[in-house]
Amino acid sequence: MAPKAESEHIRRWVVQQVPRGWFASAPEVNVDDDEILIVGALDEPPPQGSATEAAKAATRVAQIRRFREETRDARMRTAQDAEHTFGRKVSWGARCGESYELFTTMSVPVMTRLRMGERAVLDILVAAGVARSRSDALAWCVRLVGRHETDWLTDLRDALVHVHRVRGEGPTTI
């Protein structure tokens with residue numbers, strides 16, 4: 001997790017670089033040690049009278065795809081500048097109403113050591129067809145925890161910000 005001051009600096013840089021009119025509001029910028037993820041909200045397409053929910057959803061998806069194609073070259077240039085400046089890969093996504101799509105994201109390998117009982121949990125998920133591999137099963141577990149423990153993770157993230165601040169105020173080692 002990137003320190004809050006660094007994340008805020010990157011967020012401001014991205015907001016300045018993204019052309020006005022791309023998004024309905026400032027893009028959401030998430031930063032970690034490996035990646036900068038930029039997701040912007042697109043304007044909703046104009047209402048189409050008595051269109052079904054499925055038709056409205058398809059129109060939103062089409063809006064996202066159109067944005068992706070029309071901004072590809074400019075997004076790539078911005079990503080290259082950010083990668084050079086911040087030493088992280090840049091990923092993009094867009095949201096339109098209830099539709100949400102990530103165009104490019106990183107999948108970073110992480111090493112972990114699991115005991116037999118923990119491996120058995122992953123193996124059950126694979127055997128049940130929930131995941132294709134132990135790696136997919138572990139990612140599924142992480143997403144599940146993230147979805148159900150949002151408040152706890154938010155409190156933990158806030159505590160880490162405090163720890164980083166206190167460390168920064170402490171004495172330096174020689």
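Across region 53-59, coupling constants 3J(HN,Hα) worked out from phi with the 6.51/-1.76/1.60 Karplus curve, θ = phi - 60°, read 4, 5, 5, 5, 5, 5, 5 Hz, and Gly and Pro carry x. Scalar couplings 3J(HN,Hα) for region 83-91, obtained by applying the Karplus form with A = 6.51, B = -1.76, C = 1.60 to θ = phi - 60°, are 4, 5, 6, 10, x, 9, 6, 10, 10 Hz; x denotes Gly and Pro. The label point for Val163 and the one for Val61, both projected 7 Å from the Cα toward the Cβ, are 4.2 nm apart.
Where the alpha-carbon atoms of region 1-88 are placed on the principal axes, they occupy 48, 25, 21 Å, in descending order. Relative contact order of region 1-108, taken over Cα pairs closer than 8 Å and 6 or more residues apart, is 27 percent.
Kirkwood Rh over alpha-carbon pairs of the chain, then Stokes-Einstein at 20 °C and 1.002 mPa s: what D in µm² s⁻¹, rounded to an integer?
111 µm²/s
If you run the Gaussian network model on the chain, springs between alpha carbon atoms under 10 Å, then out of Leu138, Leu102, Leu114 the most flexible one is Leu114. Note that region 109-174 carries a Kirkwood radius of 14.6 Å, evaluated over its alpha carbons pair by pair. The separation of region 78-123 from region 2-23, counted between C-alpha centres, amounts to 18 Å.
Taken together, the values in this text are just the output of simple stated rules run on the coordinates, not laboratory data. All values derive from a computational prediction rather than experimental measurement. Every residue, glycine as well, gets a Cβ built from its backbone with ideal geometry; the counts of neighbours run over all protein chains shown.
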